[in-house]
Structures are given as structure tokens and as C-alpha cells.
Amino acid sequence: MIEGQHLKAFTAYKRVDKKVHPVSTAFPQECQVTRQIPADPILTLPFLTTNPPDFIPSEKISEDQMKKLNINSDGSLSNEEEKLFKHVMKLNETAIAFEDKERGTLKESYFSPYIIPTIPHIPWEYKNIPIPSGLVEKVIEVLKLKIEAGVYEPSQSSYRSQWFYVLKKNRKLRIDANTILFLISSGDLMHVRFTQKAEI
């Protein structure tokens, strides 16, 4: 309630007959996620010197990127501790992602692929929410980055779910959807451009 005003809503978020309810059934054994550690990660840690060198930019971590990490921004570390911290970050730079395409995915040697179990049903095909023409190029750029990072992948699934974008505080776009499966039979992402929708 806003002071001096009374706000009312006369629409339902989702009708009762449209709600999705869970089904009481056993979880399929083949859908179980297996977790394992093929090797002791402690054994593969790089050697750590007691006299860390000054930070020297590498192909992965530049001087500007190191500043963005805000190491010792509150001044709680000594100069030697700060050098050690930066040295450790550089030794493990492959674990740091500054962009989506550097993020990567979990190795299947540690975690098996996640499978969403379903019961027999008719595949859904929902018409997507139109994208404003002024934002089409930006949305395509976001989709390309997600595909390059391995977050989204091409598929020939029969499903098409609705998805939408959200404009974040930093004016960047975020794609929201439950499950992302691109149905681009031609293999060309520009199909999204012509239809103004990614069939997900």
C-alpha cells in the first residue's frame, strides 16, 4: 500500500487448471547423479614458495583484472601477504573466469550429466514472448556468449518453453528460463534474429 493510495490486482498469476503438480513416483535409477573424485586434488596443487615474487601480468590475468579482484582493499594484509595472495591467484588462474566464455562446466569425471526425469506426456510448445526490435542484437549477443561458454547447447527436442530477458541494475541483460534447449535445426544462431525468438 502506498500512502494515500489503494492498489488492487484483478489478475491471477496462474489458474488452478494450469498449475503443475508433482507426481508420486520412484526416482529413476538412470537419472541418479553420481559424484566421484578420480584423483586427490591436494596432490596436484602447484608448489607454493615462501618468497612470492611481485605480480607479473599473464595472458589470463592482466593488471586491470587483478585490480578488479580488490585484493587487500581494506588494507588488512601486509605487503608480503598481498604478494602471496596474488601469487596464489596467478598459480590457479585457470580456475578464474572474467567472462562467461571462460566459465566452463563441471567435468563428467567428477559429476555425471544431470537428467530431468519425466512421466509420459505431450511435449509442450509455448509461443515465446516477443523481443523489442531495439534489443534483438543485445539478446543475440547474450545467447552467443552462453553457447560459447557451454551453458546453452543445440538440441532437437520437441519442447519449446517461454523465456524472457531481465534488465539488470548494471544495464546488462539476463535470460531467464527453466531449461534452455535451442531447437535450431540449421545450426545457425541467426535463426533467432529472423524469428525474434530462441526456440527453447
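Output the residue which, of all residues in the range 103-137 that are of a type in the set (Lys, Arg) and under 18 Å from the mean Cα position of the chain (by Cα), is surrounded by the most Cβ atoms within 10 Å (Cβ to Cβ). Outline the logic, then answer.
Just the residues of the range 103-137 that are of a type in the set (Lys, Arg), to begin with: 103, 107, 127.
Now drop any that are not under 18 Å from the mean Cα position of the chain (by Cα), which leaves 103, 107.
Numbers: Arg103: 15, Lys107: 8.
This residue is Arg103.
Taking Val136, is it among the aliphatic types (A, V, I, L, M), outside any loop (DSSP other than H, G, I, E, B), out of contact with any Cys (no Cβ under 9 Å at 6 or more places or on another chain) and free of Cβ contacts under 8 Å to residues at least 60 places away in the same chain? Don't jump to the end; show me each part of the working.
On the way: among the aliphatic types (A, V, I, L, M): yes; outside any loop (DSSP other than H, G, I, E, B): yes; out of contact with any Cys (no Cβ under 9 Å at 6 or more places or on another chain): yes; free of Cβ contacts under 8 Å to residues at least 60 places away in the same chain: no.
Taking the combined requirement at face value, the residue does not satisfy it.
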### Query
Restricting the first residue to the range 76-92 and requiring it to be under 20 Å from Thr44 (Cβ atoms) and assigned by TED's automatic domain parsing to the domain that holds Asp54, which pairs with a second residue that is aromatic (Phe, Trp, Tyr) and crowded, with 16+ Cβ neighbours inside 10 Å meet a Cβ separation below 7 Å and a spacing of at least six or different chains?
Lys90/Phe55
### Message
Just checking, does the range 145-153 include any residue being out of contact with any Cys (no Cβ under 6 Å at 6 or more places or on another chain), surrounded by fewer than 12 Cβ atoms within 10 Å (Cβ to Cβ), in the same structural domain as Tyr165 (by TED's automatic domain parsing) and over 30 Å from Cys31 (Cα atoms)?
### Response
no
#### Entry: Number of positions in the range 43-102 that are part of a helix (DSSP H, G or I) and within 31 Å of the chain's Cα centre (by Cα)
23
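The values are calculated or read from the model by the stated rules, or taken from the named source; none is laboratory data. Quick caveat: nothing in here was measured; it's all calculated off a predicted structure. Cβ atoms come from the backbone with ideal geometry, glycine included; neighbour counts cover every protein chain shown.
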